[in-house]
Amino acid sequence: MDNSLAVVYLSVLVGILTIAAVGVFRQIFKTRKIEGSFAKLRKKLEKEKGTTQEYYELASIYSEKKLYSQAIVLFQKAIKTAEEEGEENIAPIYNGLGYIYFAQEQYDLAIRHYKEALKAKPDYVTGLNNLAHAYEKKKLTTQALQSYEEALKLDPNNPIAKRRAESLRRLVSA
């Protein structure tokens, strides 16, 4: 009996360690992939003019690394390049720029860029969610609720908009 208890404990420990090891290795591979893309894109863009997608990808990596000033410059280059190339899918770029300003608590600039994203693509649900969140941070409850409800019209199963709209409805009606 005593021996079987030790086997159970040891099995549980080995299972936990295996799960932890898999998680660590996945994170290492993910980080290596991002760092590889980062180095390759940075090197390429230092030598020559890039595409809209390349600027966007590098800006996103800088954003993940919380290097916001570099990310802003690259998102702006992506917008300029997109306009030169006649790129129509510009909404995610404005959204990324809005996210950076939001992360720096510059909500007015974030709102401006989220609105630009929505001007480029009016049915952009992610942009609506982000715009509503920025309105919430500015304590503009009515506008936030309106944006969440608009997102719900486009995507009725949107969990973020559902949860936040419900919360704001209670706040407004109180």
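Extension gain, N89-Q104: 0.36 nm per intervening residue step, less the Cα-Cα distance, totals 2.9 nm. The shape of the chain comes out oblate: with a ≥ b ≥ c from the C-alpha gyration tensor, a/c is at least 1.5 while a/b does not beat b/c.
Within a straight-line Cα-Cα reach of under 18 Å, K153 can be paired with the following aspartates and glutamates, leaving aside sequence neighbours fewer than 8 residues apart in one chain: D123, E166.
Computed 3J(HN,Hα) for the stretch 66-80, one whole-Hz value per residue from the Karplus formula 6.51 cos²θ - 1.76 cosθ + 1.60 where θ = phi - 60°, is 6, 9, 5, 5, 5, 5, 4, 4, 5, 5, 5, 5, 5, 5, 4, glycine and proline marked x.
Taking each of K44/K119; K77/K121; K49/K121; K44/K77 in turn, the alpha-carbon distance tops 22 angstrom for K44/K119; K49/K121.
Accessible surface for the stretch 45-111, divided over its residues, is 54 Å² per residue with a 1.4 Å probe.
Remark: the Q53-K30 segment gains 6.3 nm on full extension, using 0.36 nm per residue and subtracting the alpha carbon distance.
Check the straight Cα-Cα distances from K43 and name the aspartates and glutamates below 13 Å, setting aside those fewer than 8 residues away within the same chain. Straight-line reach from K43, under 13 Å: E35, E54. So what's the angle, to the nearest 10 degrees on a 0 to 90 scale, between helix 141-154 and the longest Cα principal axis of the chain? It is inclined by approximately 80 degrees.
The fraction of accessible area contributed by carbon and sulfur in the chain is 56 percent, rounded to a whole number (1.4 Å probe; ligands and nucleic acids excluded).
The values are calculated or read from the model by the stated rules, or taken from the named source; none is laboratory data. For clarity, every value in this text was computed on a predicted model and none was experimentally measured. Accessible surface areas use protein heavy atoms only, side chains included; no ligands, DNA or RNA. Shrake-Rupley method; radii C 1.70, N 1.55, O 1.52, S 1.80 Å.
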